[in-house]
1. Given the residues Leu124, Leu102, Leu77, which is the only one that is more than 23 Å from Asp267 (Cα to Cα) and either at pLDDT below 95 or buried (at least 21 other Cβ atoms within 10 Å of the Cβ) (or both)?
2. Take the residues of the stretch 252-265 that are surrounded by 18 or more Cβ atoms within 10 Å (Cβ to Cβ) and farther than 16 Å from Lys307 by Cβ: which is nearest to ligand 2 (Cβ to nearest atom)?
3. Counting only residues that are free of Cβ contacts under 8 Å to residues at least 24 places away in the same chain, give me the helices (runs of 4 or more DSSP H) lying completely in the stretch 220-329 with at least 2 of them.
4. Looking at (1) over 16 Å from the mean Cα position of the chain (by Cα); (2) within 16 Å of ligand 1 (Cβ to nearest atom); (3) modelled with pLDDT of 90 or more; (4) closer than 30 Å to Ile298 by Cα, which is the only condition Ala195 fails?
5. I'd like to know if the stretch 29-38 contains one or more residues that are within 18 Å of Leu282 (Cα to Cα), touching a residue at least 40 places away in the same chain (Cβ under 8 Å) and not small (Gly, Ala, Ser).
6. Is one or more of the residues making up the stretch 118-134 over 17 Å from Gly328 (Cα atoms), within 16 Å of ligand 2 (Cβ to nearest atom) and of a type in the set (Asp, Glu)?
7. Which members of the stretch 266-282 meet the condition of being surrounded by 19 or more Cβ atoms within 10 Å (Cβ to Cβ), modelled with pLDDT of 95 or more and more than 17 Å from Thr5 (Cα to Cα)?
8. Name every residue in the stretch 169-184 that is farther than 16 Å from Arg215 by Cα, of a type in the set (D, E, K, R) and either surrounded by 14 or more Cβ atoms within 10 Å (Cβ to Cβ) or at pLDDT below 95 (or both), in order of residue number.
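The values are calculated or read from the model by the stated rules, or taken from the named source; none is laboratory data. For clarity, every value in this text was computed on a predicted model and none was experimentally measured. No Cβ is skipped: glycine too gets one built from the backbone with ideal geometry, and neighbour counts run over all protein chains shown.
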Amino acid sequence: MLVDTYGRTATDLRVSLTDRCNLRCTYCMPEEGLQWLAKPDLLTDDEIVRLVRIAVTLLGITEVRFTGGEPLLRPGLVGIVERCADLDPRPQLSLTTNGIGLGRVAAALKDAGLDRVNVSLDTLRPDVFKTLTRRDRHQDVLTGLHAAHTAGLTPVKVNAVLMPGLNDDEAPDLLAWALAHDYELRFIEQMPLDAQHGWQRDGMITAGDVLASLRTRFDLAPEPDEERGSAPAERWIVDGGPHRVGVIASVTRPFCAACDRTRLTADGQVRTCLFAREETDLREALRSGEPDGEIARIWRLAMRGKKAGSGLDDPAFLQPDRPMSAIGG
Ligand code: SAM
Ligand code: SF4
């Protein structure tokens, strides 16, 4: 098992498949100039599947989430999903995506064994979408969401980040829309993980702001604690149920004590936390011919370095060198 020195066990693996993306969300990437990972440094499809197999068969991982960058840009995605779904024990498989292109591959992903998707969509207004993501692709995301739901990649979750002065008035509209389409909406607090280092605590929209805004139109009752488990989202029952809305308050109400994550970057580095400043190289071990047991040992050792918390409240907090798009959100 992947146990850290604070007694937490990681059972949830986030695998970044690429650091590239077809959007340029302002809270994630700069407009231009971001250096991509070099092609030879990226794990091959075979290397990814091998590491997932080691994680599932030797290290107790039960859930695998593919992310990026934009994971739908990875040509081998469907094959990777299919091979991971063949593993024994079979992990739960999900994908976090901006939804562009999902219209074309949702059914193939479902057939390959993907269980569900999280699609990121911050606004219902095409003009605001264009400002926020610097690309005019709003309709593509809506098409992708619809296809995911039709393909049965459910529950379809929608991730939204609210940015001051842009879409911070949209929380109730987003929730009404999500309820109408049977999507489970979760708001994510903006974190200091953008490549431009532009995050400011003073300006950010907090979980408290989101809830106050939602309560202008909806009745929200807290979900019982026992239903939350190690999930990062605190969830509220909307208007008496059965629908829920989630808020991931990574900054103002961190959930580090219950964290069950371990992360693998597209270039084969283990990260124990989004905010970690240290990484452990598995690619070198893979490519120098180490057996599975040795790779599992290195991964277990990496987890011993996992910190108690994100360190965001520490005045000496330093943002990791890797931006969100290269970590895998
Ligand atoms: N490209 C895919 C997408 O957007 O869903 C997957 C990768 S993206 C990095 C994963 C999630 O991280 C998205 O929901 C995105 O909104 C979120 N994200 C990116 N930068 C963030 C930041 N600085 N603070 C909070 N969430 C962020
Ligand atoms: Fe791309 Fe996702 Fe980052 Fe937006 S949040 S720029 S879609 S990786």
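1. On the way: Leu124 fails: either at pLDDT below 95 or buried (at least 21 other Cβ atoms within 10 Å of the Cβ) (or both); Leu77 fails: more than 23 Å from Asp267 (Cα to Cα).
Residue meeting the stated conditions: Leu102.
2. Per the criteria, the residue is Thr265.
3. Numbers: elements: 283-287, 292-303, 324-327.
Of the helices (runs of 4 or more DSSP H) lying wholly inside the stretch 220-329, those with at least 2 residues that are free of Cβ contacts under 8 Å to residues at least 24 places away in the same chain span 283-287, 292-303.
4. If we test Ala195 against (1) over 16 Å from the mean Cα position of the chain (by Cα); (2) within 16 Å of ligand 1 (Cβ to nearest atom); (3) modelled with pLDDT of 90 or more; (4) closer than 30 Å to Ile298 by Cα, just (3) comes out false.
5. yes
6. yes
7. The answer is Ala266, Asp267, Gly268, Gln269, Leu282.
8. Glu184 - this is the single residue of the stretch 169-184 that is farther than 16 Å from Arg215 by Cα, of a type in the set (D, E, K, R) and either surrounded by 14 or more Cβ atoms within 10 Å (Cβ to Cβ) or at pLDDT below 95 (or both).
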